[in-house]
1. What's the ranking of 42-52, 8-18 by average number of surrounding C-beta atoms within 10 Å, highest first?
2. When all C-alpha to C-alpha distances in segment 5-55 are sorted into bins of 5 Å, what percent of pairs does each bin hold, rounded to whole numbers?
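Quick note: the coordinates plus some simple rules give every number you see, no bench work behind them. Just so it is clear, the model here is predicted, and its values are computed rather than measured. Cβ coordinates were reconstructed from backbone atoms using ideal geometry, including for glycine residues, and neighbour counts include every protein chain displayed.
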């Protein structure tokens, strides 16, 4: 399931829950709320698996002495 999600660049909707939390002042004003992500344990497993796959991929393609460059490129390639 993790590999299919990674292959198709789709994160399961059921693992990304966002709730609105009241922040300040009036509860009727939508600007007084902030989004909060509620992450189930399964989403952390996905995150770790994808992180290990990306790290392994980029470790084989970049010089290990270019760690800052490698990290920046990993983030850009992921998005």
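1. 42-52, 8-18
2. 4, 18, 19, 16, 12, 11, 10, 7, 3, 0
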